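Participant: Following this message is one structure expressed as structure tokens.
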Amino acid sequence: MTSTDLFLLVQRVGVGALVAMGTLCFLVVTLRNIMSVVQLVLAAIEFQTRIRPAARSYELWSRYADLAPPVSVIAPCYNEELSIADSVRSLLSLQYPDFEVVLVNDGSSDATLARLIDEFDMRPVQREQLVVLQKTRILGVYVSDEHPNLLLVDKENGRKADAVNAGIGFSTAPLVCVIDADSIIEPDGLLRGTEPFMADDGSLVAVGGTIRIANGSAVDGGHVRQIRLPAGWLPRYQILEYLRAFLTARIANSRLNMLLLISGAFGIFRRSVLVEIGGYRHDTVGEDLEIVTRIHRHMREQKRPYRIGFIPDVVCWTEAPADWKGLRNQRSRWEQGALETLVRHRKMLFNPRYGRIGMVALPLVIIEDVLGPPCELFGYLLVPILYLLGLTSGTVVLAFFAITVLFGTGISLGTLALEELQLRRTPSARDLLKVAFAALIENLGYRQINLVFRIRGMWRFFRKDTVWASAGRVGFSKL
Amino acid sequence: MMLRFPAVADELAGLAIQIVIWGSLAMSALILYLVIRRDRNERQRSVQQVTARTLTREIMAALPQAEDVGSAFAHASVAERVAAVSHLSRLLRGDDLDRLAAFVERHELVARLTRRVAKRRLARRVNIVRSVGSVGGPQAVTALNELLANDPAAEVRLEAAAMLARIDALPSARALIEALELAHATVTPLHRALFRALAPSSATELVELLAEEQSPDVQALVADALGSSEDYSVLRALRSAAASPAPQVRIAAIAAISRLGHPGGAAWLIPLLEDDDEMVRAHAARACGSMGLRAAMPRLIALAEDPSPWVRLRASDAAEILGGTA
């Protein structure tokens, strides 16, 4: 073989590899878009055929309060001395017949504990922990004579998963509602969230609900008083992302009983199931995805009938990162968490024993979270290069950008239309137009930067970086 | 020969571009339409509010006499008429409420709502049931009973029962058990709410049912409902239920006596603190606390050593309420 032959061989292999990679990128972005369309259609069908929550439940529950399944709301808090009193007052004012609030102070280094003790007149008590799931030491338990349904657990720092586990150990209700301390639950959020349990045959093990972004809205006393659109574009793009995630992906997945994620900001679980599986894992940054995946795995391995539900109605508000650094940290963490969960539960992948979870839901996570970000980002560079090298036509290049950028806009607008037709929580026609405009421009920069953040999350995963990077919130607007 | 994307890729790419462009245009058109519709609705909101108020006034004016209603009523849709009647039915009482029911019958609102109901899809049927329930009156009761007995979907039958409970017109307990197929279905909190709503008017029937051969779940349902009967003559039946071999029936009896709050139940409630089943012991401890049975204190204190953490917790809470320490 001459050197020319060798050069030609290397050139052909190199070009072949480029074309193969280009084809893979094209296939992956096409598959992701097909998934999005299927999810949008399924969500539209679900909205069209669903039986809306009825006032009758609330009426009957108010007449027979003790029939409402008791709920323990577990709110872990860390260094939140400025906002914790408002958050707790908001939780105590929830409309629900029978609930307790279990606050877990996760070793705050500021005055969170003192503030709570002082504000709610709390005193230390001896309280037996029903089950020990946390890894750290409990430092004290406090109750309030003023609020008999408030319990404060003080413990050493161990991150959110450990704090929630401690709270589960002290909770006494059959249902636990796990939230973030800065989540703003709608006044009737618990009623809506537990409504599916009212007519349940015992197979429902967890329920998630729609979460919205409260940036820009007027928040006072721990309640959203007036829904307003945020002034910045970054939170507006995230409004669209939340709409796509909650109103299409989760509703569609829930309809097919393959919901893998219940947001950490609000989720209701059967306490017994959480205890059976040992509570939240401490060694992942994506504990909310991991725990739902583990529930699926546990129930399927035990061959027990079960359901994980989702309610499209808004139950909770949260604050989205308002700057790029916070967004980067959040998205990197989500990506890292997804990869950690996939690796931990790889045994379920393509395993018929785990039914549609192993055969469909987890493989879709691979397309979305493993292949998707690098293929799309790499495709933006590779496909034009292939064109410049004369390896593909301009039509293919145009198609790639149409599928990613233009179709992304179409999907966002479709989701926004679904929201307007079914829930109508966008404040006004003018705001609806603004969000629609955000849908047009989010694909020209924001989408691509997000892909970079997710690839950073992959890097963190491979480096086994376990540092919790904060999303850096700035607080809510007052009235 | 150089490798390159095959020609078919061009064709597929062309097709993809077409789909993407038309799909995105369609979505853009839809959102534009929704924005315009929303804007129009926002501008017309005050007009709609005025129309709704006029409609309500016209109905109120027409209640005393069987005359024609005004033009707003004539031009209103069935949904608008139902909304107005439903709003009034929550405000009116006594004779006025009876006149509203007569008005509903004269204008055949229930008949209009339930027309071709069997051909509607499930979610729509449930909505119709809710609308009929919100209108109220004898025709609504007949229509709801019809749906409760005959609709093929369990969801619609359950909704019909809930609406009948709302207007205090539930059928007999036996009819309810049959319509909701409770002999085979899992009993849920909603079923328990329905039976509690039935209890004040059907205590005798429930006591008879409790004495009959029923599944433990139905027995528990009936025993629980007796706690809402407001009738102390059911105490003997509850005592029998507390001796049932099925733990869920014993727990239901405890829940019932706890709600009735009659100290006559103490004689059988306190011994249940030593029941074999831990959940029965836990419920009994809680009931002793809520009923203020100080005679239970020695046994509650002994439960501090119970192997079940739930029993220890409930006994401790009860003892604290009663002024001691378990």
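The values are calculated or read from the model by the stated rules, or taken from the named source; none is laboratory data. What you see is a predicted model, and the numbers here were worked out from it, not measured in a lab. Methodologically, a virtual Cβ is constructed for each residue, glycine included, from the backbone with ideal geometry; neighbour enumeration extends over all protein chains shown. In case anyone asks, the SASA skips ligands and DNA or RNA and just uses the protein heavy atoms, side chains included. Shrake-Rupley method; radii C 1.70, N 1.55, O 1.52, S 1.80 Å.
Participant: Quick one: how many residues across the stretch A:148-176 are of a type in the set (D, E, K, R) and crowded, with 24+ Cβ neighbours inside 10 Å? Even if it seems obvious, please write down each step before you answer.
Facilitator: First, the residues of the stretch A:148-176 that are of a type in the set (D, E, K, R): A:154-156, A:159-160, A:162.
In the following step, the residues that additionally are crowded, with 24+ Cβ neighbours inside 10 Å were identified as A:162.
Matching residues across the stretch A:148-176 total 1.
Participant: Residues that are of a type outside the set (S, T, N, Q), in contact with a helix residue (DSSP H, G or I) (Cβ under 7 Å, 6 or more places away or on another chain) and more than 14 Å from chain A (Cβ to nearest Cβ): find the helices (runs of 4 or more DSSP H) completely inside the stretch B:1-101 holding 3 or more of those. Reasoning before the result, please.
Facilitator: On the way: elements: B:7-62, B:71-75, B:78-91.
The helices (runs of 4 or more DSSP H) meeting that bar are B:7-62, B:78-91.
Participant: Does A:Arg297 satisfy the condition of being of a type in the set (D, E, K, R), more than 30 Å from A:Pro187 (Cβ to Cβ) and modelled with pLDDT under 95? Lay out the reasoning, then the answer.
Facilitator: Values: of a type in the set (D, E, K, R): yes; more than 30 Å from A:Pro187 (Cβ to Cβ): yes; modelled with pLDDT under 95: no.
The answer is no for A:Arg297.
Participant: Right, something else. Just one of (1) among the β-branched types (Val, Ile, Thr); (2) modelled with pLDDT of 95 or more; (3) open to solvent by 20 Å² or more (accessible area, probe 1.4 Å) trips up B:Ile254, so point out which.
Facilitator: Only one criterion in (1) among the β-branched types (Val, Ile, Thr); (2) modelled with pLDDT of 95 or more; (3) open to solvent by 20 Å² or more (accessible area, probe 1.4 Å) is unmet by B:Ile254, namely (3).
Participant: Take the stretch B:149-195 and flag every residue that is part of a helix (DSSP H, G or I), surrounded by fewer than 19 Cβ atoms within 10 Å (Cβ to Cβ) and not assigned by TED's automatic domain parsing to the domain that holds B:Ala123. Walk me through it before giving the result.
Facilitator: Initially, the stretch B:149-195 is screened for residues part of a helix (DSSP H, G or I), giving B:149-150, B:154-166, B:173-179, B:189-195.
Next cut, surrounded by fewer than 19 Cβ atoms within 10 Å (Cβ to Cβ) only: B:149-150, B:154-155, B:174-175, B:178.
Within the stretch B:149-195, B:Arg174, B:Ala175, B:Glu178 meet the criteria.
Participant: Name the single residue that is farthest from the other protein chains (Cβ to nearest Cβ) among those in the stretch A:116-140 being surrounded by 20 or more Cβ atoms within 10 Å (Cβ to Cβ) and not in a loop (DSSP other than H, G, I, E, B).
Facilitator: First, the residues of the stretch A:116-140 that are surrounded by 20 or more Cβ atoms within 10 Å (Cβ to Cβ): A:116, A:120, A:122, A:133-134.
Add one more test, that the residue is not in a loop (DSSP other than H, G, I, E, B), and what stays is A:116, A:122.
Values: A:Leu116: 22, A:Met122: 16 Å.
Applying the filter and picking the extreme gives A:Leu116.
Participant: From the list A:Ala417, A:Ala439, which residue is crowded, with 19+ Cβ neighbours inside 10 Å, within 13 Å of another protein chain (Cβ to nearest Cβ), free of Cβ contacts under 8 Å to residues at least 24 places away in the same chain and in contact with a Leu (Cβ under 9 Å, 6 or more places away or on another chain)?
Facilitator: Working: A:Ala439 fails: free of Cβ contacts under 8 Å to residues at least 24 places away in the same chain.
After applying the criteria, what remains is A:Ala417.
Participant: Which ones in the stretch A:266-281 are touching a residue at least 60 places away in the same chain (Cβ under 8 Å) and either open to solvent by 10 Å² or more (accessible area, probe 1.4 Å) or part of a strand (DSSP E or B) (or both)?
Facilitator: If the condition is that a residue be touching a residue at least 60 places away in the same chain (Cβ under 8 Å) and either open to solvent by 10 Å² or more (accessible area, probe 1.4 Å) or part of a strand (DSSP E or B) (or both), then A:Phe266, A:Gly267, A:Ile268, A:Phe269, A:Arg270, A:Arg271, A:Ser272, A:Val275, A:Gly278, A:Tyr280, A:Arg281 are the ones that fit.
Participant: Considering only residues that are β-branched (Val, Ile, Thr) and either closer than 22 Å to B:Leu209 by Cβ or facing chain A (nearest Cβ under 9 Å) (or both), which ones fall in the stretch B:157-191? Let's see the steps before the verdict.
Facilitator: First pass over the stretch B:157-191, keeping only residues β-branched (Val, Ile, Thr): B:167, B:177, B:186-188.
Scanning the stretch B:157-191 gives B:Ile177, B:Thr186, B:Val187, B:Thr188.
Participant: For the stretch A:349-379, enumerate the residues that are aromatic (Phe, Trp, Tyr) and either part of a helix (DSSP H, G or I) or under 16 Å from A:Leu289 (Cβ atoms) (or both). Outline the logic, then answer.
Facilitator: The initial filter retains those residues of the stretch A:349-379 that are aromatic (Phe, Trp, Tyr), namely A:350, A:354, A:378.
Once the filter is applied, which keeps residues that are aromatic (Phe, Trp, Tyr) and either part of a helix (DSSP H, G or I) or under 16 Å from A:Leu289 (Cβ atoms) (or both), the stretch A:349-379 yields A:Tyr354, A:Phe378.
Participant: Regarding A:Ile308, is this residue assigned to a loop (DSSP other than H, G, I, E, B), buried (at least 19 other Cβ atoms within 10 Å of the Cβ) and not aromatic (Phe, Trp, Tyr)?
Facilitator: Numbers: assigned to a loop (DSSP other than H, G, I, E, B): no; buried (at least 19 other Cβ atoms within 10 Å of the Cβ): yes; not aromatic (Phe, Trp, Tyr): yes.
Criteria not met by A:Ile308.
Participant: Mind counting the residues in the stretch B:80-105 that are loosely packed, with under 12 Cβ neighbours inside 10 Å and over 22 Å from B:Ala161 (Cβ atoms)?
Facilitator: Step one: list which residues in the stretch B:80-105 are loosely packed, with under 12 Cβ neighbours inside 10 Å, which gives B:90-91, B:93-95.
The next check asks that each one be over 22 Å from B:Ala161 (Cβ atoms); those that pass are B:91, B:93-95.
Total satisfying the criteria: 4.
Participant: Right, next: Output the number of the condition that B:Gln214 fails; it satisfies all remaining conditions of (1) at pLDDT below 90; (2) among the polar types (S, T, N, Q); (3) assigned to a helix (DSSP H, G or I).
Facilitator: (3)
Participant: When you look at A:Arg89, is it modelled with pLDDT of 85 or more, open to solvent by 60 Å² or more (accessible area, probe 1.4 Å) and more than 8 Å from chain B (Cβ to nearest Cβ), yes or no?
Facilitator: Working: modelled with pLDDT of 85 or more: yes; open to solvent by 60 Å² or more (accessible area, probe 1.4 Å): yes; more than 8 Å from chain B (Cβ to nearest Cβ): yes.
Yes.
Participant: Further question on the same structure: What's the number of the only condition in (1) more than 13 Å from chain B (Cβ to nearest Cβ); (2) farther than 18 Å from A:Phe400 by Cβ; (3) at pLDDT 85 or above that A:Arg50 fails to meet?
Facilitator: Checking A:Arg50 against (1) more than 13 Å from chain B (Cβ to nearest Cβ); (2) farther than 18 Å from A:Phe400 by Cβ; (3) at pLDDT 85 or above, the one that fails is (1).
Participant: Inside the stretch B:249-326, counting only helices (runs of 4 or more DSSP H) that do not spill past its ends, which hold 1 or more residues that are within 14 Å of another protein chain (Cβ to nearest Cβ)? Spell out how you get there, then give the answer.
Facilitator: On the way: elements: B:266-269, B:278-291, B:297-302, B:309-321.
Qualifying helices (runs of 4 or more DSSP H): B:278-291, B:309-321.
Participant: Got a number for residues in the stretch A:177-202 being open to solvent by 20 Å² or more (accessible area, probe 1.4 Å) and not in a helix (DSSP H, G or I)?
Facilitator: 8
Participant: Okay, next question. State all residues of the stretch A:9-40 that are more than 21 Å from A:Pro374 (Cβ to Cβ), at pLDDT 85 or above and within 12 Å of chain B (Cβ to nearest Cβ); if no residue qualifies, say none.
Facilitator: If the condition is that a residue be more than 21 Å from A:Pro374 (Cβ to Cβ), at pLDDT 85 or above and within 12 Å of chain B (Cβ to nearest Cβ), then A:Val13, A:Val37, A:Leu40 are the ones that fit.
Participant: Checking the conditions here, which among A:Leu382, A:Leu406, A:Leu386 is within 14 Å of another protein chain (Cβ to nearest Cβ), in a helix (DSSP H, G or I), farther than 26 Å from A:Leu261 by Cα and open to solvent by 40 Å² or more (accessible area, probe 1.4 Å)?
Facilitator: Details: A:Leu382 fails: open to solvent by 40 Å² or more (accessible area, probe 1.4 Å); A:Leu386 fails: open to solvent by 40 Å² or more (accessible area, probe 1.4 Å).
After applying the criteria, what remains is A:Leu406.
Participant: Give me the residue from the stretch A:422-433 that is at the interface with chain B (Cβ under 7 Å from one of its Cβ atoms) and open to solvent by 20 Å² or more (accessible area, probe 1.4 Å) and, out of that set, farthest from A:Val224 (Cα to Cα). I'd like the intermediate steps shown before the answer.
Facilitator: Here is the first cut: in the stretch A:422-433, the ones at the interface with chain B (Cβ under 7 Å from one of its Cβ atoms) are A:428-429, A:432-433.
Then drop every residue that is not open to solvent by 20 Å² or more (accessible area, probe 1.4 Å), which leaves A:428, A:433.
Numbers: A:Ser428: 16, A:Leu433: 22 Å.
Checking each candidate, the answer is A:Leu433.
Participant: Taking the conditions exactly as written (at pLDDT 90 or above, touching a Lys or Arg at 6+ places or on another chain (Cβ under 8 Å), of a type in the set (S, T, N, Q) and not assigned by TED's automatic domain parsing to the domain that holds B:Ala252), does B:Ser316 satisfy them or not?
Facilitator: Values: at pLDDT 90 or above: yes; touching a Lys or Arg at 6+ places or on another chain (Cβ under 8 Å): no; of a type in the set (S, T, N, Q): yes; not assigned by TED's automatic domain parsing to the domain that holds B:Ala252: yes.
It is false that B:Ser316 is at pLDDT 90 or above, touching a Lys or Arg at 6+ places or on another chain (Cβ under 8 Å), of a type in the set (S, T, N, Q) and not assigned by TED's automatic domain parsing to the domain that holds B:Ala252.
Participant: Next up: For A:Leu289, indicate whether it is assigned to a helix (DSSP H, G or I), of a type outside the set (Asp, Glu) and closer than 28 Å to A:Lys464 by Cβ. Explain how you work it out, then say what you get.
Facilitator: Numbers: assigned to a helix (DSSP H, G or I): yes; of a type outside the set (Asp, Glu): yes; closer than 28 Å to A:Lys464 by Cβ: yes.
So A:Leu289 passes the test.
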